[in-house]
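The values are calculated or read from the model by the stated rules, or taken from the named source; none is laboratory data. Just so we're clear, the structure is a prediction, and the values are computed from it rather than from any experiment. We place every Cβ from the backbone using ideal geometry, glycine too, and count neighbours over all the protein chains shown. Surface accessibility is based on the protein's heavy atoms, side chains included, excluding ligands, DNA and RNA. Shrake-Rupley method; radii C 1.70, N 1.55, O 1.52, S 1.80 Å.
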Amino acid sequence: ASKKRGRNAFEAFAPAMQADSNLRMTVEEGLRTALAQEELVLHFQPKVALADGRLLGVEALLRWNRPGHGLVAPSDFIGLAEDSGLILPIGEWVLRQACADAVRISTRLGYAVPMAVNMSPRQFRQPGLLHRVEEALETAGLAPALLELEITESVLIDDTEVAAALLQALHRKGVRLTIDDFGTGYSSLSYLHRFPVTTLKIDQSFIADLPSNPYSEAIVASVIGLARSLKLHVVAEGVETAEQHQRLCAHQCEGGQGYLFSHPLSLEALCQMLEQRQSVEADVT
Ligand code: C2E
Ligand code: MG
Ligand code: MG
Ligand code: MG
(Lines give C-alpha, C1' and ligand atoms only; values in the text may rest on other atoms or scores of the structure.)
(Ligands and ions follow the chains in the order given, each with its own letter.)
Protein backbone atom coordinates (compact mmCIF):
# COMPACT_ATOMS: atom_id res chain seq x y z
CA ALA A 1 0.00 0.00 0.00
CA SER A 2 2.80 2.34 0.87
CA LYS A 3 4.43 1.71 -2.50
CA LYS A 4 1.18 2.53 -4.22
CA ARG A 5 0.74 5.71 -2.24
CA GLY A 6 4.29 6.73 -3.08
CA ARG A 7 3.65 6.31 -6.77
CA ASN A 8 0.40 8.25 -6.62
CA ALA A 9 2.09 11.00 -4.73
CA PHE A 10 4.72 11.22 -7.42
CA GLU A 11 2.12 11.25 -10.18
CA ALA A 12 0.25 14.01 -8.43
CA PHE A 13 3.45 15.99 -8.07
CA ALA A 14 4.79 15.67 -11.61
CA PRO A 15 1.91 17.37 -13.47
CA ALA A 16 2.02 20.24 -11.00
CA MET A 17 5.70 20.75 -11.78
CA GLN A 18 4.96 20.54 -15.48
CA ALA A 19 2.14 23.06 -15.16
CA ASP A 20 4.47 25.37 -13.26
CA SER A 21 7.16 25.23 -15.91
CA ASN A 22 4.56 25.69 -18.67
CA LEU A 23 3.27 28.74 -16.87
CA ARG A 24 6.77 30.13 -16.55
CA MET A 25 7.36 29.62 -20.25
CA THR A 26 4.09 31.33 -21.16
CA VAL A 27 4.89 34.30 -18.94
CA GLU A 28 8.43 34.45 -20.33
CA GLU A 29 7.13 34.46 -23.90
CA GLY A 30 4.67 37.20 -23.04
CA LEU A 31 7.37 39.21 -21.37
CA ARG A 32 9.64 38.81 -24.38
CA THR A 33 7.08 40.55 -26.58
CA ALA A 34 5.99 43.03 -23.90
CA LEU A 35 8.82 45.42 -24.75
CA ALA A 36 8.13 45.39 -28.48
CA GLN A 37 4.37 45.69 -27.90
CA GLU A 38 4.87 48.62 -25.54
CA GLU A 39 3.09 46.84 -22.69
CA LEU A 40 5.52 48.02 -20.01
CA VAL A 41 4.60 51.13 -18.05
CA LEU A 42 6.15 53.10 -15.23
CA HIS A 43 4.23 54.33 -12.25
CA PHE A 44 5.68 56.87 -9.86
CA GLN A 45 5.53 57.07 -6.09
CA PRO A 46 6.50 60.29 -4.27
CA LYS A 47 9.10 60.41 -1.49
CA VAL A 48 8.36 63.20 0.96
CA ALA A 49 10.11 65.01 3.80
CA LEU A 50 8.39 63.73 6.95
CA ALA A 51 8.62 67.03 8.82
CA ASP A 52 6.78 69.18 6.28
CA GLY A 53 5.55 66.98 3.43
CA ARG A 54 7.89 68.60 0.89
CA LEU A 55 8.47 66.46 -2.21
CA LEU A 56 11.96 64.89 -2.18
CA GLY A 57 11.57 63.00 -5.43
CA VAL A 58 9.72 60.12 -7.06
CA GLU A 59 10.51 56.44 -7.56
CA ALA A 60 9.77 54.70 -10.86
CA LEU A 61 7.98 51.37 -10.32
CA LEU A 62 7.52 49.02 -13.25
CA ARG A 63 4.18 47.51 -14.26
CA TRP A 64 3.30 45.16 -17.10
CA ASN A 65 0.06 45.90 -18.86
CA ARG A 66 -0.38 42.28 -19.91
CA PRO A 67 -3.24 41.56 -22.33
CA GLY A 68 -5.97 39.62 -20.53
CA HIS A 69 -4.31 40.07 -17.14
CA GLY A 70 -4.53 43.78 -16.40
CA LEU A 71 -1.68 45.61 -14.68
CA VAL A 72 0.81 43.01 -13.41
CA ALA A 73 3.02 43.87 -10.41
CA PRO A 74 6.81 43.43 -10.61
CA SER A 75 6.81 40.70 -7.96
CA ASP A 76 5.02 38.51 -10.53
CA PHE A 77 7.64 38.86 -13.27
CA ILE A 78 10.92 40.47 -12.12
CA GLY A 79 12.27 37.15 -10.81
CA LEU A 80 11.52 35.49 -14.11
CA ALA A 81 13.02 38.41 -16.01
CA GLU A 82 16.15 38.00 -13.90
CA ASP A 83 16.42 34.25 -14.53
CA SER A 84 15.86 34.56 -18.28
CA GLY A 85 18.15 37.57 -18.75
CA LEU A 86 15.20 39.64 -20.02
CA ILE A 87 15.89 42.00 -17.13
CA LEU A 88 18.72 43.51 -19.18
CA PRO A 89 16.63 44.92 -22.07
CA ILE A 90 13.77 45.64 -19.66
CA GLY A 91 16.07 47.44 -17.23
CA GLU A 92 17.53 49.48 -20.05
CA TRP A 93 14.03 50.50 -21.12
CA VAL A 94 13.16 51.47 -17.53
CA LEU A 95 16.31 53.57 -17.23
CA ARG A 96 15.70 55.47 -20.46
CA GLN A 97 11.98 55.91 -19.86
CA ALA A 98 12.48 57.07 -16.27
CA CYS A 99 15.07 59.68 -17.33
CA ALA A 100 12.77 60.96 -20.09
CA ASP A 101 9.80 61.02 -17.69
CA ALA A 102 11.85 62.90 -15.05
CA VAL A 103 12.37 65.67 -17.61
CA ARG A 104 8.67 65.61 -18.56
CA ILE A 105 7.53 65.81 -14.93
CA SER A 106 10.04 68.56 -14.02
CA THR A 107 9.13 70.61 -17.09
CA ARG A 108 5.43 70.34 -16.44
CA LEU A 109 5.69 71.23 -12.73
CA GLY A 110 8.30 73.95 -13.18
CA TYR A 111 10.74 72.55 -10.61
CA ALA A 112 13.29 69.74 -10.64
CA VAL A 113 11.95 66.39 -9.47
CA PRO A 114 14.63 63.77 -8.71
CA MET A 115 13.90 60.31 -10.16
CA ALA A 116 14.82 57.00 -8.51
CA VAL A 117 15.23 53.84 -10.58
CA ASN A 118 15.43 50.29 -9.19
CA MET A 119 18.36 48.26 -10.49
CA SER A 120 18.50 44.50 -10.30
CA PRO A 121 21.80 42.85 -9.30
CA ARG A 122 22.13 41.25 -12.71
CA GLN A 123 21.72 44.59 -14.46
CA PHE A 124 24.35 46.00 -12.18
CA ARG A 125 26.87 43.34 -13.15
CA GLN A 126 26.26 43.97 -16.85
CA PRO A 127 29.35 45.35 -18.58
CA GLY A 128 29.01 48.92 -19.82
CA LEU A 129 26.40 49.99 -17.30
CA LEU A 130 28.16 53.32 -16.70
CA HIS A 131 27.99 54.08 -20.40
CA ARG A 132 24.32 53.10 -20.55
CA VAL A 133 23.49 55.40 -17.67
CA GLU A 134 25.42 58.27 -19.27
CA GLU A 135 23.63 57.70 -22.54
CA ALA A 136 20.19 57.59 -20.92
CA LEU A 137 20.94 60.88 -19.11
CA GLU A 138 22.23 62.58 -22.27
CA THR A 139 19.40 61.40 -24.51
CA ALA A 140 16.81 62.62 -22.00
CA GLY A 141 18.70 65.82 -21.13
CA LEU A 142 18.54 64.99 -17.44
CA ALA A 143 21.10 66.34 -14.95
CA PRO A 144 22.94 63.36 -13.33
CA ALA A 145 22.19 64.71 -9.85
CA LEU A 146 18.49 64.17 -10.56
CA LEU A 147 19.00 60.45 -11.09
CA GLU A 148 19.11 58.09 -8.13
CA LEU A 149 19.82 54.38 -8.51
CA GLU A 150 18.27 52.06 -5.93
CA ILE A 151 20.32 48.93 -5.38
CA THR A 152 20.09 46.20 -2.76
CA GLU A 153 22.88 45.16 -0.43
CA SER A 154 23.47 41.96 -2.42
CA VAL A 155 25.00 44.04 -5.24
CA LEU A 156 27.72 45.21 -2.87
CA ILE A 157 28.42 41.76 -1.50
CA ASP A 158 28.50 39.79 -4.77
CA ASP A 159 31.43 41.38 -6.53
CA THR A 160 32.97 44.00 -4.35
CA GLU A 161 35.82 45.20 -6.57
CA VAL A 162 33.74 45.66 -9.71
CA ALA A 163 30.86 47.15 -7.74
CA ALA A 164 33.19 49.63 -6.02
CA ALA A 165 34.70 50.86 -9.29
CA LEU A 166 31.32 51.24 -10.94
CA LEU A 167 29.77 53.02 -7.96
CA GLN A 168 32.72 55.41 -7.73
CA ALA A 169 32.40 56.25 -11.42
CA LEU A 170 28.66 56.87 -11.09
CA HIS A 171 29.29 58.97 -8.01
CA ARG A 172 31.90 61.11 -9.83
CA LYS A 173 29.28 61.66 -12.51
CA GLY A 174 26.93 63.01 -9.83
CA VAL A 175 24.42 60.14 -9.83
CA ARG A 176 22.96 59.32 -6.38
CA LEU A 177 22.99 55.86 -4.87
CA THR A 178 20.47 54.42 -2.47
CA ILE A 179 20.53 51.13 -0.60
CA ASP A 180 17.00 49.77 -0.97
CA ASP A 181 15.37 47.40 1.57
CA PHE A 182 18.08 48.30 4.08
CA GLY A 183 18.19 45.96 7.05
CA THR A 184 17.05 42.83 5.24
CA GLY A 185 20.38 41.83 3.67
CA TYR A 186 23.70 41.01 5.24
CA SER A 187 23.93 44.55 6.55
CA SER A 188 27.69 44.39 6.81
CA LEU A 189 28.12 48.00 7.78
CA SER A 190 31.71 48.23 6.57
CA TYR A 191 30.59 48.75 2.98
CA LEU A 192 28.82 51.98 3.87
CA HIS A 193 32.09 53.88 4.02
CA ARG A 194 33.71 51.92 1.21
CA PHE A 195 30.97 52.77 -1.29
CA PRO A 196 29.70 56.25 -2.17
CA VAL A 197 26.17 55.65 -0.88
CA THR A 198 23.94 58.72 -0.49
CA THR A 199 20.74 57.31 1.05
CA LEU A 200 19.52 54.38 3.17
CA LYS A 201 15.97 53.21 2.58
CA ILE A 202 14.63 51.37 5.63
CA ASP A 203 12.82 48.22 4.53
CA GLN A 204 9.06 48.36 4.79
CA SER A 205 8.89 45.23 6.98
CA PHE A 206 10.34 47.23 9.90
CA ILE A 207 7.93 50.12 9.29
CA ALA A 208 4.95 47.73 9.12
CA ASP A 209 5.81 46.62 12.68
CA LEU A 210 5.67 50.15 14.11
CA PRO A 211 4.81 50.81 16.84
CA SER A 212 3.73 47.39 18.16
CA ASN A 213 7.11 45.65 17.86
CA PRO A 214 9.78 47.26 20.07
CA TYR A 215 12.55 45.34 18.27
CA SER A 216 11.56 46.76 14.90
CA GLU A 217 11.34 50.22 16.41
CA ALA A 218 14.83 49.80 17.86
CA ILE A 219 16.15 48.77 14.46
CA VAL A 220 14.44 51.72 12.78
CA ALA A 221 15.91 54.09 15.37
CA SER A 222 19.38 52.57 14.90
CA VAL A 223 19.30 52.92 11.13
CA ILE A 224 18.20 56.55 11.44
CA GLY A 225 21.03 57.17 13.92
CA LEU A 226 23.51 55.38 11.67
CA ALA A 227 22.46 57.52 8.70
CA ARG A 228 22.82 60.67 10.77
CA SER A 229 26.35 59.72 11.97
CA LEU A 230 27.46 58.83 8.46
CA LYS A 231 25.77 61.93 6.99
CA LEU A 232 23.54 59.88 4.74
CA HIS A 233 19.94 60.60 3.82
CA VAL A 234 17.38 58.19 5.22
CA VAL A 235 13.94 57.30 3.90
CA ALA A 236 11.36 54.95 5.45
CA GLU A 237 9.40 52.88 2.95
CA GLY A 238 5.89 51.51 3.36
CA VAL A 239 4.51 54.24 5.64
CA GLU A 240 0.80 53.50 5.84
CA THR A 241 -0.52 55.01 9.07
CA ALA A 242 -0.43 58.34 10.89
CA GLU A 243 0.98 56.50 13.89
CA GLN A 244 3.94 55.15 11.89
CA HIS A 245 4.50 58.66 10.55
CA GLN A 246 4.47 60.03 14.08
CA ARG A 247 6.96 57.40 15.35
CA LEU A 248 9.30 58.12 12.45
CA CYS A 249 9.11 61.87 13.15
CA ALA A 250 9.88 61.19 16.82
CA HIS A 251 13.06 59.42 15.68
CA GLN A 252 13.79 62.31 13.31
CA CYS A 253 13.62 60.25 10.18
CA GLU A 254 14.16 62.55 7.22
CA GLY A 255 12.02 61.05 4.47
CA GLY A 256 9.14 58.68 3.93
CA GLN A 257 7.29 56.90 1.20
CA GLY A 258 4.08 54.94 1.38
CA TYR A 259 0.35 54.73 0.88
CA LEU A 260 -0.20 57.32 3.62
CA PHE A 261 1.24 59.93 1.27
CA SER A 262 0.45 58.42 -2.12
CA HIS A 263 0.15 55.14 -3.97
CA PRO A 264 2.30 54.76 -7.08
CA LEU A 265 0.56 56.78 -9.83
CA SER A 266 0.68 57.09 -13.61
CA LEU A 267 2.67 60.07 -14.90
CA GLU A 268 -0.54 61.99 -15.61
CA ALA A 269 -2.10 61.25 -12.20
CA LEU A 270 1.16 62.13 -10.42
CA CYS A 271 1.44 65.48 -12.18
CA GLN A 272 -2.21 66.31 -11.46
CA MET A 273 -1.79 65.42 -7.80
CA LEU A 274 1.35 67.55 -7.45
CA GLU A 275 -0.19 70.48 -9.37
CA GLN A 276 -3.23 70.37 -7.12
CA ARG A 277 -1.03 70.36 -4.03
CA GLN A 278 0.87 73.35 -5.36
CA SER A 279 -2.29 75.34 -5.92
CA VAL A 280 -3.56 74.47 -2.44
CA GLU A 281 -0.26 75.69 -0.96
CA ALA A 282 -0.50 78.87 -3.06
CA ASP A 283 -4.00 79.52 -1.64
CA VAL A 284 -2.77 79.12 1.92
CA THR A 285 0.22 81.44 1.63
P1 C2E B 1 10.87 48.41 -3.81
O2 C2E B 1 11.80 49.13 -4.71
O3 C2E B 1 11.30 48.19 -2.41
O4 C2E B 1 9.50 49.21 -3.90
C5 C2E B 1 8.59 49.32 -2.85
C6 C2E B 1 7.34 48.50 -3.10
O7 C2E B 1 6.42 48.72 -2.03
C8 C2E B 1 6.57 48.85 -4.37
O9 C2E B 1 5.96 47.65 -4.82
C10 C2E B 1 5.51 49.81 -3.87
O11 C2E B 1 4.39 49.91 -4.70
C12 C2E B 1 5.19 49.18 -2.54
N13 C2E B 1 4.66 50.16 -1.57
C14 C2E B 1 4.78 51.50 -1.58
N15 C2E B 1 4.17 52.05 -0.51
C16 C2E B 1 3.66 51.02 0.20
C17 C2E B 1 2.91 50.95 1.44
O18 C2E B 1 2.60 51.94 2.09
N19 C2E B 1 2.57 49.69 1.86
C20 C2E B 1 2.90 48.57 1.16
N21 C2E B 1 2.50 47.40 1.65
N22 C2E B 1 3.61 48.60 0.01
C23 C2E B 1 3.97 49.82 -0.46
P24 C2E B 1 5.98 47.24 -6.35
O25 C2E B 1 5.74 48.43 -7.22
O26 C2E B 1 5.07 46.07 -6.49
O27 C2E B 1 7.48 46.79 -6.57
C28 C2E B 1 8.01 45.69 -5.86
C29 C2E B 1 9.49 45.56 -6.08
O30 C2E B 1 9.77 45.26 -7.45
C31 C2E B 1 10.27 46.83 -5.80
O32 C2E B 1 10.51 46.95 -4.41
C33 C2E B 1 11.53 46.59 -6.60
O34 C2E B 1 12.43 45.80 -5.88
C35 C2E B 1 11.02 45.80 -7.77
N36 C2E B 1 10.89 46.70 -8.95
C37 C2E B 1 9.93 47.59 -9.25
N38 C2E B 1 10.21 48.23 -10.40
C39 C2E B 1 11.39 47.74 -10.84
C40 C2E B 1 12.24 48.00 -11.97
O41 C2E B 1 11.96 48.88 -12.82
N42 C2E B 1 13.39 47.26 -12.08
C43 C2E B 1 13.73 46.33 -11.15
N44 C2E B 1 14.89 45.67 -11.34
N45 C2E B 1 12.98 46.08 -10.08
C46 C2E B 1 11.83 46.77 -9.91
MG1 MG C 1 12.96 50.74 -4.59
MG1 MG D 1 12.41 48.84 -0.98
MG1 MG E 1 10.97 46.20 -1.05
Given the -39500 (n - 2.57) contribution per DSSP H run of 4+ residues, what per-residue ellipticity at 222 nm results for the chain, rounded to the nearest 500 deg cm²/dmol?
-16500 deg cm²/dmol
Within the range 203-244, which residues have the backbone N less than 19 Å from the label spot 7 Å out from L71 along Cα→beta-carbon, could you tell me?
238-240
Taking all protein chains in place and a 1.4 Å probe, what share, in percent, of the accessible surface of the range 144-285 do carbon and sulfur account for?
54 percent
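Counting Lys and Arg as +1 and Asp and Glu as -1, each charge on the Cβ, what is the dipole of the range 147-285 about the Cα centre in debye, to the nearest 20?
580 debye
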Fully extended, how many nm does the chain gain between E268 and L35 (0.36 nm per residue separation, minus their Cα-Cα distance)?
81.8 nm
Is there a quick way to get the dipole size of the chain? I mean about its Cα centre, with the Cβ of Lys and Arg at +1 and of Asp and Glu at -1; what is the value in debye to the nearest 20?
460 debye
Relative contact order (%) - criterion: Cα under 8 Å, at least six apart; region: the range 180-233
36 percent
Where does the charge balance sit around L248 when Lys and Arg score +1, Asp and Glu -1, over other residues with C-beta under 12 Å from its C-beta?
-4
What number of lysine-lysine pairs in the chain show an alpha-carbon separation below 25 angstrom, given a sequence spacing of 8 or more or placement on distinct chains?
6
In nm, what is the difference between 0.36 nm times the number of residues separating E281 and A218 and their Cα-Cα distance?
19.1 nm
Toward the positive end of the charge dipole of the chain, about the Cα centre and with charges on Cβ (Lys, Arg +1; Asp, Glu -1), which of F261, L230, Q276 goes farthest?
L230
Under a point spin-label approximation (7 Å from Cα along Cα-to-Cβ), what is the K231-A51 distance to one decimal in nm?
1.8 nm
Karplus-derived 3J(HN,Hα), 6.51/-1.76/1.60, for each residue of the range 32-43, Hz, glycine and proline x:
4, 8, 4, 4, 5, 7, 6, 8, 8, 9, 9, 10
Dipole of the range 46-193, positive end: most advanced residue of L137, S120, G68 [Cβ charges, Cα centre]:
L137
What does the accessible area per residue of the range 118-262 come to in Å², with a 1.4 Å probe and no ligands, DNA or RNA counted?
46 Å²
Evaluate the charge dipole of the range 232-278 about its Cα centre and quote only its size in Debye, nearest 20, assuming +1 on the Cβ of each Lys and Arg and -1 on the Cβ of each Asp and Glu.
100 debye
Tell me which chymotrypsin sites (Phe, Trp or Tyr not before Pro) from the range 201-278 have a DSSP coil assignment and no more than 13 other beta carbons within 10 Å of their own.
Y259
